[in-house]
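Below: one structure, written as structure tokens.
Rule-based calculations on the coordinates, nothing more; no lab input. Please read all numbers here as calculations on a predicted model, not as lab measurements. Counting neighbours? That spans all protein chains shown, and the Cβs are built from the backbone with ideal geometry, glycine included.
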Amino acid sequence: MKDLEGKIAIVTGGGSGIGRAIAELYAKNGARIVVSDVDEKGAAETIKAIKQGGGEAFFVKADTSKPDDSKHTVEEAVNKYGGLHIAVNNAGIGGPIGFTGEYPIDGWDKVISINLSGVFYGMRYQLPAMLNSGGGSIVNIASILGKVGTKGSAAYVAAKHGVVGLTEAAALEYAAKNIRINSIGPGYIITPLLTKTLDDKAMQGLVGLHPMGRLGKAEEVAELALWLNSDKAAFVTGSYYNIDGGYLAQ
């Protein structure tokens, strides 16, 4: 039997990168997928790949910074498939670069609204639906920068630290209600978030930050997310798992 056979899963930011890898892997393992994203073209490509692999998925256009969009995504999942068992709150942006004393206020607001409030809005509506479905499991995608800082990214660091804390609080609240909630802290992963914004020199600089001497792959993060959202991790909740080539061990 496949690890997620019969499960219904929402993946936010499923149109590219880590979200796409997770959506495709979950579908291969038997889940029916709701792909949520603002990028219709990218989401369509994800859904095409899922269906070509024999899986089932559909798209809901949603901006995670808007609570009504998160509510709508959950409602569509329940209306289409009859319930909700799994969610991956993955959608996020990098945001502006700048020292805290010079950081653009609008940039701060946008990063916090998508990367932190978006995770809260997702869980705000996912959790009641999971309770109605008899239980479930949530994975929130944080970052290595949910545990440590870095210069120039105050909003991103603050948001990802917030995701880790939010995950722990919610996990305690729902531990006795058959819902597990965990977070993942990827290191720097080869995704469009990096490749579309950084040149080769900057990318090589990031490689040097990882003791394993390479960047991570979205598919590697997806494997960890699969385990956490499967029954194999039945006694795991409130945890943070870094997947970072040794970055945080330094």
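Lys110: which lysines have alpha carbons under 25 Å from its alpha carbon, excluding same-chain residues fewer than 8 sequence positions away? Straight-line reach from Lys110, under 25 Å: Lys41, Lys61, Lys66, Lys71, Lys147, Lys151, Lys160, Lys196.
Taking the average, over residues, of other Cβ atoms within 10 Å as the packing measure, peptides 25-33, 145-153 rank 25-33, 145-153 from highest down.
At q = 0.08, 0.11, 0.17 Å⁻¹, what base-10 log of I(q)/I(0) does the Debye formula yield for the range 8-241 when every alpha carbon is treated as an equal point scatterer in vacuo? Ignoring solvent entirely, the Cα scatterers give -0.27, -0.51, -1.26. In whole Å, what is the distance between the alpha-carbon centres of the range 141-163 and the range 88-105? So the two Cα centres are separated by 9 Å. Each Lys or Arg adds one and each Asp or Glu subtracts one; over the other residues with Cβ under 10 Å from the Cβ of Ile22, this totals -2. The charge dipole of the range 8-241, taken about the Cα centre with unit charges on the Cβ atoms of Lys, Arg (+1) and Asp, Glu (-1), comes to about 340 debye, rounded to the nearest 20.
Taking every alpha-carbon pair within the range 93-143, the share separated by more than 18 Å comes to 46 percent.
Quote the convex hull volume per residue of the range 1-143, based on C-alpha atoms, as a whole number of Å³.
Details: hull volume 14.4 nm³, N = 143.
Looking at the range 1-143, the number lands at 101 Å³ per residue.
Projected onto their three principal axes, the Cα atoms of the range 133-250 cover extents of 49, 27, 27 Å, largest first.
What percent do you get for the relative contact order of the chain when only Cα pairs under 8 Å and 6+ apart count? The value is 19 percent.
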